[in-house]
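K.L.:
Quick one: the structure is below, questions incoming.
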Amino acid sequence: MKRQITASLLLLFFCSISTAQVAKPKAFSTAGKKVTVYTTAENTGLKLSANGTAEFKAMGQPFETQVCVFVDPNKTYQTFLGIGGALTDAAAETWAKLPAAKQEELLKAYFNKTAGIGYTVGRTNIASCDFSSSSYMYVQENDKELNTFDIAPDRKFKIPFIKAAMAAAGGKLNLFASPWSPPAFMKDNNDILQGGHLKKDYYASWANHFVKFIKAYEKEGMPVWAISIQNEPMAKQRWESCIYSAEEERDFLKNNLGPTMEKAGLKSRKIIVWDHNRDLMFQRAQTYFDDPQASRYAWGIGFHWYENWSGGEPMYENVKRVHEAYPDKNILFTEGCVERFEMSRVNDWKLGERYGKSMINDFNNGMGGFTDWNILLDETGGPNHVGNFCFAPVHADTKTGELIYTNAYYYIGQFSKYIQPGAKRITSAASRSQLLTTAFRNPDGTTVVVVMNQSDAATPYYLWIKGKAAELNALPHSISTLLF
C-alpha cells in the first residue's frame with residue numbers, strides 16, 4: 001500500500017512538471033498601455049525627439065484604405081545582440097585631436113544609455129587597416145615564433161580610446177577584433193597589401209598571433225568578446241588585405257585557429273566567419289557550417305553591405321537564406337559605411353535612410369546585431385593611408401574642434417537607444433510599401449516598434465495589435481520608435 005501511494009505521488013509530481021513545461025506564456029495585452037513616440041524627421045527639429053503619445057482603442061477589421069502596421073508580440077524570432085561601431089586607428093587619432101570637452105561629448109553621445117544612443121558593441125582592427133595613418137604590424141620580419149610580438153603601435157591612440165569608450169559604456173563593451181592582413185612574410189605575395197594568401201606553413205603561427213593579440217589586449221584591461229578570421233576575405237585591395245577561399249578559411253578554423261584558441265583557454269571567445277558582403281554569404285555559410293568540425297568553432301557569420309557597388313538593390317534575401325538554413329548560428333552585421341566622402345553631403349538625408357532601410361530589412365531577415373564602421377572621422381573623411389575617404393555618423397572638424405552629427409547618427413540611435421540586448425524580435429508588418437518596420441520585445445517587457453517612412457508625404461497609420469489600434473502619423477522622410 002505504501003509503495004502504491006509513493007508511486008501515485010511520483011506520477012502526480014512528474015505530470016505537474018510536464019504541465020508546467022508546456023504551459024504557454026501569458027498572452028500580450030494592450031490594456032492600460034500608452035504608446036510613446038520618438039522621431040527623427042527631415043526638415044524638422046526632431047532628432048530622437050519625443051513627439052507624442054497615443055492610446056489603444058478597439059478597432060476590428062481595417063479597411064483597405066486604412067494604413068496599418070500590424071504587430072504580434074507573441075510571435076518571437078532571433079535574439080537581439082546589440083548595436084555599435086568601429087574603434088579604428090582613424091577614429092582614435094581624430095578623437096585625440098579634440099578638446100577634452102568634445103572628447104567627453106562624443107563618448108557620451110555614443111555609449112551613454114540615457115544621454116546618448118547606448119552602443120554596446122565595438123569593433124577594432126588587428127594591426128593596420130585602410131583607416132590607419134600608415135601600415136604597421138605587431139611582429140618583426142620573419143619572426144615565425146612571434147617572439148617580437150608587441151601591440152606598441154596601439155598604445156598611442158587606439159588603446160586609450162577603447163578604454164575611454166568602455167568606461168563611457170559603463171565598464172562593459174562587447175569588443176571584437178578583425179585582421180586586415182597577416183605580416184608580409186606569412187603571405188604568398190610577400191606584401192600586406194594587394195590580397196595574397198596566407199601560406200599553409202604559417203597557419204599555426206597566425207593562429208598563435210590571434211591568441212597573443214587577445215591576451216595582450218586583456219592584459220591592458222580590454223576584454224575581447226570575439227574575433228573574426230579575416231576582414232573581407234574575397235577582396236584584393238590596394239590596402240591591407242588577404243584572400244581566403246571558403247575551404248581555406250574553413251580549414252584554418254577547424255585545424256588551427258579553433259583548437260589553438262581552445263588550448264590557450266580562450267574557448268569562450270566567439271569566432272566569426274566570412275566578415276564580407278551579403279552576395280556570397282550563403283555559399284560561405286554552407287562551407288563552414290556543413291562541416292561539423294569547423295562548425296563547432298564558429299559562433300556565427302559576419303557580413304557587410306557593399307555588394308551593390310555596381311548598382312542594384314542590397315541582397316537582403318541572402319541573410320534570410322542563411323538564417324533559415326542555420327538558425328542556430330548568429331548573424332552579425334560587422335561593417336558598413338557610405339563611401340566617397342564629400343563635406344558638402346554631411347547633411348544629406350539619404351545617409352541616414354541607408355542605415356534605416358538596411359537595419360530594418362536585415363533584422364527582419366534574421367540579423368542579431370549591427371556594427372557600423374568608423375564611429376568618428378575627420379573633416380576629410382579620414383585619416384586613411386590610401387585615400388579611401390568615407391562618411392561616419394559623426395565627423396570632427398579638427399581645425400575648430402567641433403563635432404558634426406550626420407542624420408545617420410540619429411537613424412542608428414532610433415534602434416540602439418531603445419532595443420535592449422537580449423530582446424526578441426517579434427512580428428511587424430506594414431500595409432503600405434512606403435513604411436518599413438521591425439519590432440522587438442525587450443527583457444524588461446517593453447515593446448519597441450520602429451517605423452520608417454521613405455516617402456515625401458506624411459502617412460497617417462494605425463499601430464494594430466489583435467483588434468486594438470493606436471492612431472499615429474509618419475512624417476515625410478522620418479523614422480520613429482514606438483515604445484509601450
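K.L.:
For K144, which aspartates and glutamates qualify as cross-link partners when the Cα separation must be under 19 Å and same-chain residues fewer than eight apart are set aside?
P.N.:
D188, D191, D201
K.L.:
Projected onto the charge dipole of the chain (+1 at Lys/Arg Cβ, -1 at Asp/Glu Cβ, origin at the Cα centre), which of S132, N277, M186 gives the Cα projection farthest towards the positive end?
P.N.:
N277
K.L.:
So which of K270/K320; K57/K424; K97/K399; K75/K270 end up more than 18 Å apart by C-alpha?
P.N.:
Violating the 18 Å limit, Cα to Cα: K270/K320; K57/K424; K75/K270.
K.L.:
Next question, about the same structure. Could you work out the per residue convex hull volume over the alpha carbons of the stretch 297-453, in cubic angstrom?
P.N.:
Dividing the Cα hull volume of the stretch 297-453 by its residue count gives 153 Å³.
K.L.:
Based on Cβ point charges of +1 for Lys and Arg and -1 for Asp and Glu, what charge dipole magnitude is obtained for the chain about its Cα centre, in debye rounded to the nearest 20?
P.N.:
I would put it at about 2220 debye.
K.L.:
Ok, one more. Which pairs, out of K33/K466; K158/K219; K219/K329, put more than 18 Å between their alpha-carbon atoms?
P.N.:
Those over the limit are K219/K329.
K.L.:
Further question on the same structure: Calculate the radius of gyration of the Cα atoms of the chain to one decimal place, then report Dmax, the largest Cα-Cα distance, as a whole number, both in Å.
P.N.:
24.3, 91
K.L.:
Work out the charge dipole of the chain with +1 on the Cβ of Lys and Arg and -1 on the Cβ of Asp and Glu about the Cα centre, then indicate which of A109, G401, G422 is farthest towards its positive end.
P.N.:
G422
K.L.:
Got a sec to turn the phi values of the stretch 326-334 into Karplus ³J(HN,Hα) couplings, 6.51 cos²θ - 1.76 cosθ + 1.60 with θ = phi - 60°, whole Hz, x for Gly and Pro?
P.N.:
For the stretch 326-334, the Karplus curve yields 9, x, 7, 9, 7, 10, 10, 6, 9 Hz.
K.L.:
Here's something else I'd like to know. Any idea what Rg and Dmax come out to for the stretch 27-88 if you just take the C-alpha atoms, in Å?
P.N.:
Considering the stretch 27-88 through its Cα atoms, Rg and Dmax are 16.8, 52 Å.
K.L.:
Arranged from highest to lowest average of other beta-carbon atoms within 10 Å per residue, in what order do the peptides 160-167, 119-126 appear? List each step's numbers first, then the result.
P.N.:
Values: 160-167: 19.1, 119-126: 24.8.
Answer by packing, highest mean first, reads 119-126, 160-167.
K.L.:
Rounded, prolate or oblate: which fits the stretch 385-484, taking a ≥ b ≥ c as square roots of the Cα gyration tensor eigenvalues, rounded meaning a/c under 1.5, else prolate when a/b beats b/c?
P.N.:
Judged from the Cα gyration tensor, the stretch 385-484 comes out prolate (a/c at least 1.5, a/b above b/c).
K.L.:
Compute the signed sum of charges (Lys and Arg +1, Asp and Glu -1) over the other residues within less than 13 Å, Cβ to Cβ, of Y418.
P.N.:
+2
K.L.:
Work out the charge dipole of the chain with +1 on the Cβ of Lys and Arg and -1 on the Cβ of Asp and Glu about the Cα centre, then indicate which of W309, A100, N453 is farthest towards its positive end.
P.N.:
N453
K.L.:
While we're on this one: Can you put S358, S133, S478, S416 in order, fewest other beta carbons within 10 Å first? List each step's numbers first, then the result.
P.N.:
Working: S358 19, S133 14, S478 27, S416 23.
Fewest-to-most ranking of S358, S133, S478, S416: S133, S358, S416, S478.
K.L.:
Hey, another quick one. Could you work out the relative contact order of the stretch 81-418? I mean the mean sequence separation of Cα pairs under 8 Å and 6+ apart, divided by the number of residues, in percent. Can you show the working numbers first?
P.N.:
Details: 692 pairs, mean separation 68.3, N = 338.
Value for the stretch 81-418: 20 percent.
K.L.:
Taking the number of other C-beta atoms within 10 Å as the exposure measure, put T36, T334, T437 in order starting with the fewest.
P.N.:
Listed from fewest to most nearby Cβ atoms, that is T36, T437, T334.
None of the figures in this text is laboratory data; all of them are computed from the coordinates on show. It should be emphasised that the depicted structure is a prediction, and the values quoted were computed from it without experimental measurement. Backbone-built Cβ (ideal geometry, glycine too); neighbour counts: all protein chains shown.
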